[in-house]
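Student: I am attaching a structure below and will ask some questions about it afterwards.
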Amino acid sequence: MSALGEPWSTGASRDGEGSLHVAGVDVRALAAEHGTPAYVLDEADLRERARAYRQAFEAAFAAIGAGVDVYYAGKAFLSVAVARWVHAEGLRVDTSTGGELAVALRAGVPGEHVGLHGNNKSDAEIARALAAGVGRIIVDSLPEVERVATAARAAGGAPAPVMVRVTTGVHAGGHEFISTAHEDQKFGLSLAAGEGEADSPAMTALLAAVASPDVELLGIHSHIGSQILDASGFEVAAAKVLALRAELAERTGVLVPEVDLGGGYGIAYLPGEVALDPERVARDVAASVAAAAHELGTPLPRFSIEPGRAIVGPAGLTLYTVGTVKPVRLDDGRVRTYVAVDGGMSDNIRPALYGADYHAELAGRRSTAEPVLARVVGKHCESGDIVVHEVMLPGDVRAGDLLAVAATGAYGRSMASNYNMVPRPPVVAVADGGTRVLVRRETEDDLLALDQG
Ligand code: LLP
């Protein structure tokens, strides 16, 4: 057995015949039992990442005298079992819709350990969150402050715990980040006041929350982007949020107790890529918030973060069976081998939607054949139905081969569709040599059950 290393999960290895094993399970046996395509989730890997993020941030923030809570961003992938695992590892759960909230609650995560996001929450979602006693509702607009207050009044309970989501002008993702004052996007409230406005939209909403007897303003929330591989974006955004907090305190006397720095911690998708190291980013961010708070002369708040991809992404892979293999001659004379698998853009929309790159390997056998330039495609009626744009695969790749695509745990199943009436694959957890279906395979009957004829 030899371990594979990134971008595969830590439980991935190859046996003497070259077959891929995950957490002691041979993918050939998994495919025979559960079929393909299938999402395979390495439980120990996922839990270890959850623990690593929590411990790294707790240690780094304890060192500057601040507490921190880690919320798992359920949008990356949420099921009852995953919510239980991350909660057992000491994380809380961040949800962004009523559906995600329902899964977290079904899992038995206590309401106070759940947060609710959303730029366009329905009244029903707000009421349900309050009834469940969620720990925080992250308010995304000025009218929402009043809507949450009204719902809290109607519910007759305690004031609703809220954070106000602001946009700091820092957008990060990939390798770079940019910082601009004005925002042209739907999330959050800008820190920049418009021409002739006394206050920024963020400050206006914070003042409204302070003034409302029916909401309890916990703090300020900032999420700057996703798949971030450079901590400096977090540091710039955190400093801006702390400055806003100090300004609010100066104007109202209310120093809000919490600041959330959002998610976005980047992972490796390809061999040779380097993920953000939780310990390093935690230390860097803690050091810069400590410096910013010191400069402002305000005591540190309690912090929280919301990683999604970094917890579940590398823990997952997708197992496919190869069907049609077709050499296609390119204009420059090269040949690209199109390797079609039994899934595609319905189980992983990210290559088509974002041009995201993935890595694939033959999973069920060893091959000594000369590698060829390949493109892994799906079975959908669309030429953009690409799973892996470019990868070298053994030249003898053929129908019936198992193919594994690495690091598909985040935003794969959670963004899956039924395009072309393709049933969505199951999510099969592997641990200690055994498998367990977390989400079963959809069937044509499931799809037809929705069709009213
Ligand atoms: N918190 C908030 C408020 C967010 O909006 C997000 C992601 C997260 C946390 C988690 O971010 P993460 O740690 O997973 O990067 N579908 C896209 C990603 C969209 C992310 C949206 N918000 C993708 O597949 O790349």
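Student: Asp357 passes all but one of (1) surrounded by fewer than 14 Cβ atoms within 10 Å (Cβ to Cβ); (2) within 14 Å of the ligand (Cβ to nearest atom); (3) in a loop (DSSP other than H, G, I, E, B); which number fails?
Tutor: Every condition holds for Asp357 apart from (1).
Student: For segment 48-63: of the residues being surrounded by 18 or more Cβ atoms within 10 Å (Cβ to Cβ) and aliphatic (A, V, I, L, M), which is nearest to Gly219 (Cα to Cα)?
Tutor: Ala60
Student: Within the set of pairs 6+ apart or on separate chains, which have a first residue in segment 346-364 that is within 15 Å of Leu270 (Cα to Cα), a second that is within 12 Å of the ligand (Cβ to nearest atom) and outside any loop (DSSP other than H, G, I, E, B), and C-beta atoms under 8 Å apart?
Tutor: Close Cβ pairs satisfying both conditions: Arg350/Met415; Ala356/Arg350; Asp357/Pro351; Tyr358/Arg350; Tyr358/Pro351.
Condition check ((1) more than 15 Å from the ligand (Cβ to nearest atom); (2) within 10 Å of Val170 (Cβ to Cβ); (3) within 24 Å of the chain's Cα centre (by Cα)) across all residues:
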| position | (1), (2), (3) |
| --- | --- |
| Ala211 | yes, no, no |
| Gly219 | no, no, yes |
| Ser226 | no, no, yes |
| Glu235 | yes, yes, yes |
| Glu250 | yes, no, no |
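Student: If the Cβ limit is 7 Å and pairs must be 6+ apart or interchain, which residue in segment 217-229 that is in the same structural domain as Asp284 (by TED's automatic domain parsing) pairs with which residue that is more than 9 Å from the ligand (Cβ to nearest atom) and among the charged types (D, E, K, R)?
Tutor: The qualifying pairs are Leu218/Arg136; Leu218/Glu258; Gly219/Glu258; Ile220/Arg245.
Student: Would you check which residues across segment 35-79 are within 20 Å of Asp94 (Cβ to Cβ), β-branched (Val, Ile, Thr) and out of contact with any strand residue (DSSP E or B) (no Cβ under 8 Å at 6 or more places or on another chain) and list them?
Tutor: Matches in segment 35-79: none.
Student: Can you tell me which residues in segment 130-170 are farther than 29 Å from Ala239 by Cα and either within 15 Å of the ligand (Cβ to nearest atom) or of a type in the set (Ser, Thr, Tyr) (or both)?
Tutor: Passing the criteria: only Thr150.
Student: Working only within segment 205-254, note down all residues that are in a loop (DSSP other than H, G, I, E, B), of a type in the set (Gly, Ala, Ser) and under 30 Å from Leu276 (Cα atoms).
Tutor: Passing the criteria: only Ala231.
Student: Search segment 143-157 for residues that are of a type in the set (D, E, K, R) and pair each with any residue that is surrounded by 15 or more Cβ atoms within 10 Å (Cβ to Cβ) when their beta-carbon atoms are under 6 Å apart and the residues are at least 6 apart or on different chains.
Tutor: Cβ pairs passing all conditions: Arg153/Asp214.
Student: Taking segment 418-453, which residues are under 30 Å from His21 (Cβ atoms), of a type in the set (S, T, N, Q) and in a loop (DSSP other than H, G, I, E, B)?
Tutor: Listed by number, the list holds a single entry, Thr443.
Student: Still on this structure, please answer the following. If you go through segment 311-322 one residue at a time, do you hit one that is away from the ligand (no atom under 16 Å from the Cβ), more than 27 Å from the chain's Cα centre (by Cα) and surrounded by 18 or more Cβ atoms within 10 Å (Cβ to Cβ)?
Tutor: yes
The values are calculated or read from the model by the stated rules, or taken from the named source; none is laboratory data. Keep in mind it's a predicted model, so treat the numbers as computed, not measured. Note that each Cβ is placed from the backbone with ideal geometry, even for glycine, and that neighbours are counted across all protein chains shown.
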